[in-house]
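Take a look at the structure set out below.
The values are calculated or read from the model by the stated rules, or taken from the named source; none is laboratory data. Predicted model, so just to flag it, every value in this text is computed and none were measured. In this analysis, Cβ positions are derived from the backbone assuming ideal geometry, glycine residues included, and neighbour counts consider all displayed protein chains.
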Amino acid sequence: MIRPFRLPEAIWAVAGAVALVVCGLLPWGDALNGMRKGTDVYLFLIGMMLIAELARHEGLFDYLAAFAVEHARGSPQRLFLLIYLVGTLVTTLLSNDATAIVLTPAVYAATRAAGASPLPYLFVCAFIANAASFVLPISNPANLVVFGERMPHLLQWLRQFALPSVAAIVVTYIVLRLTQHRALNEGRIEINVPKPILSREGKLTAIGIGAIGIVLLGASALDFQLGLPTFICGAVTAAAVLILSRQSPWPVLKEISWGVLPLVAGLFAMVEALNRSGAIADLSAMLHAAVAQSTTGTAWSVGIVTAIADNVANNLPIGLVAGSVAASDHLPMPVVSAILVGVDLGPNLSVTGSLATILWLVALRREELHVSAWRFLQLGLLVTPPALLVALAAAIW
């Protein structure tokens with residue numbers, strides 16, 4: 001959270017994992033084994049970052065942001081809603097990390113061109129990235145971590161999480177809109193903003209994204225792990241677009257946030273240390289005892305505790321711990337659903353709660369914007385609790 005010397009977050013995660021090994025608390029073999037458990041997540045992230053960066057490179061997100069400005073017809077409030085809807089769509093089909101990585105700079109550029117203060121619209125990118133991250137299994141890498149090889153079939157997923165997702169998206173919008181009303185009432189925005197022309201390559205990328213969405217929905221419906229299909233689809237789409245346009249891949253590859261991978265690997269290694277210490281077994285025993293007393297009470301408790309824990313240790317390791325606990329206990333569905341809602345929605349409380357929010361901060365730093373942890377927390381304390389409670393109610397009841 002503090003990020004001394006403004007060093008990348010990955011350095012601290014890797015340093016924590018290395019310290020465990022050097023101090024003899026985690027053997028090298030176990031550390032590597034823990035990192036290997038994240039293979040599906042690494043493949044998922046690489047595939048999504050590749051297709052997202054390709055879309056940014058070809059101007060697809062700039063086009064979508066300019067489209068939103070054009071159809072806002074001078075109304076900041078309407079632009080706020082349109083960007084929220086675009087963010088929901090991108091998160092649902094391309095994961096919350098794509099929203100953070102590539103939609104954020106596009107929204108910044110479009111709002112600056114429209115003469116609007118960018119920050120209220122940039123907050124949309126951060127909060128919708130987590131609020132819409134459990135619409136589909138592919139909407140968040142944390143979903144892969146929580147369920148692993150036990151990922152529900154697509155129809156079962158929709159039965160479990162469609163209503164909680166809608167509740168989270170709607171309540172997050174209402175509260176976020178209320179908190180930003182003063183900034184959105186300062187005046188009208190420009191109408192005649194230059195709209196970029198979507199190139200042939202940009203259109204091909206859009207078609208490729210649609211195809212990827214279909215493939216991943218099919219993989220989810222057939223109960224396949226999503227990492228490898230995501231990687232293959234992203235690589236094939238990028239290769240096809242770059243070959244047809246005779247472009248070098250290096251401009252796309254060098255802009256990908258590769259530091260995300262060691263960050264995730266370091267977090268997985270630290271979770272393996274928790275597993276070796278017996279902490280996960282103890283949590284399993286405690287949760288089993290709680291479920292025996294009250295399934296509903298346990299679901300509420302575990303959802304809230306998980307949401308808070310995300311902001312202390314990031315939702316990826318918390319999701320892995322929660323997934324391990326859930327797998328060992330064969331928990332009732334309301335409890336498992338509450339765990340996922342807590343893992344996905346809880347990170348909206350702080351800047352370090354999820355990988356997507358960290359990537360959002362990285363995107364802001366590229367534009368020389370800095371949002372402090374305290375400022376984000378002030379907003380998160382208003383937005384997150386009502387959305388979390390309503391989503392948990394929908395998931396449990």
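Couple of notes before you dig in:
- Residues of region 308-337 satisfying the condition of being out of contact with any Asp or Glu (no Cβ under 7 Å at 6 or more places or on another chain), within 20 Å of Met270 (Cβ to Cβ) and aliphatic (A, V, I, L, M): Ile308, Ala309, Val312, Ala313, Leu316, Leu320, Val321, Ala322, Val325, Ala326, Ala327
- Only a single criterion out of (1) modelled with pLDDT of 85 or more; (2) crowded, with 18+ Cβ neighbours inside 10 Å is not satisfied by Leu216, namely (1).
- Ile83, sole failed condition from (1) part of a helix (DSSP H, G or I); (2) more than 29 Å from Pro229 (Cα to Cα): (2)
- Restricting Ala326, Ala299 to residues that are part of a helix (DSSP H, G or I), under 23 Å from Ala167 (Cα atoms) and among the small types (Gly, Ala, Ser) narrows the list to Ala299.
- Enumeration of residues in region 108-153 that are small (Gly, Ala, Ser) and farther than 20 Å from Pro164 by Cα: Ala109, Ala110, Ala113, Ala114, Gly115, Ala116, Ser117, Gly148
- Tabulated pairs, region 70-93, first charged (D, E, K, R), second at pLDDT below 90, C-beta under 7 angstrom, 6+ apart or interchain: Glu70/Val193; Glu70/Lys195; Arg73/Ile191; Arg78/Ala72
- Going through (1) crowded, with 19+ Cβ neighbours inside 10 Å; (2) modelled with pLDDT of 90 or more one by one, Ser257 falls short only on (2).
- For Gly319, the test of being at pLDDT 90 or above, under 27 Å from Ala387 (Cα atoms), assigned to a helix (DSSP H, G or I) and not aliphatic (A, V, I, L, M) is failed.
- Within region 214-225, residues that are among the aromatic types (Phe, Trp, Tyr) reach partners that are not in a loop (DSSP other than H, G, I, E, B) with beta carbons closer than 9 Å, at six or more positions or on different chains, in the pairs Phe224/Gly218.
- Taking region 345-396 as the range and being surrounded by 17 or more Cβ atoms within 10 Å (Cβ to Cβ) and part of a loop (DSSP other than H, G, I, E, B) as the test, the residues that pass are Ser350, Val351, Thr352, Gly353, Ser354, Val371.
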